[in-house]
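Quick notes on the structure that follows.
Quick note: the coordinates plus some simple rules give every number you see, no bench work behind them. Keep in mind it's a predicted model, so treat the numbers as computed, not measured. Methodologically, a virtual Cβ is constructed for each residue, glycine included, from the backbone with ideal geometry; neighbour enumeration extends over all protein chains shown.
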Amino acid sequence: MSKIFPKADSVSFILRPYKSAVTKHANRLSYENGWQTRFYDHIIRDDAEYQRIADYIANNPGNWRDDKYYGL
């Protein structure tokens, strides 16, 4: 059973029913599926790791012009 369902204490366990409900609602409104197909959950273990991730998130919009999908 664990190969099918995520662990009860994981982000996946929490997100699965939320994404399902939002997708059903969006489908009723004729919206396309906009969910990222794959993701992984990760526990931030210390302040340095938190800062690295926060910096990535803060700086990511500035990298958009260099992205291969920019301008499509």
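Specify the longest stretch of the chain that does not include any exposed loop site, a site being one of the trypsin sites (Lys or Arg not before Pro) with a non-H, G, I, E, B DSSP assignment and at most 11 other Cβ atoms within 10 Å. All intermediate terms of the calculation are to be shown ahead of the outcome.
Numbers: sites that count: Lys3, Lys7, Arg38, Arg45, Lys68.
After excluding every exposed loop site, the longest remaining stretch is 8-37.
Tell me the mean residue ellipticity at 222 nm calculated for the chain from its helices only (DSSP H runs of n ≥ 4, each -39500 (n - 2.57), averaged over every residue, nearest 500). Intermediate results must be reported in sequence, preceding the final value.
Working: 2 runs with 31 residues, N = 72.
Taking each H run of at least 4 residues, the total per residue is -14000 deg cm²/dmol.
For Thr37, Thr23, which order do you get if you count the other beta carbons within 10 Å of each Cβ and list the fewest first? Working shown, then result.
Working: Thr37 5, Thr23 14.
Listed from fewest to most nearby Cβ atoms, that is Thr37, Thr23.
Please label the shape of region 11-63 as rounded, prolate or oblate, based on the square roots a ≥ b ≥ c of the eigenvalues of the alpha-carbon gyration tensor (a/c under 1.5 means rounded; beyond that, a/b larger than b/c means prolate, else oblate). Before the final figure, lay out the partial values.
Numbers: a/c = 4.00, a/b = 1.82, b/c = 2.19.
In terms of gyration-tensor shape, oblate.
In whole Hz, with x marking every Gly and Pro, tabulate ³J(HN,Hα) for region 11-20 from phi via Karplus 6.51 cos²θ - 1.76 cosθ + 1.60, θ = phi - 60°.
4, 4, 4, 6, 6, 3, x, 5, 4, 4
Fully extended, how many nm does the chain gain between Ala48 and Ser30 (0.36 nm per residue separation, minus their Cα-Cα distance)? Spell out each step's value before the answer.
Working: separation 18, 0.36 × 18 = 6.48 nm, distance 4.28 nm.
Contour length minus Cα-Cα distance gives 2.2 nm.
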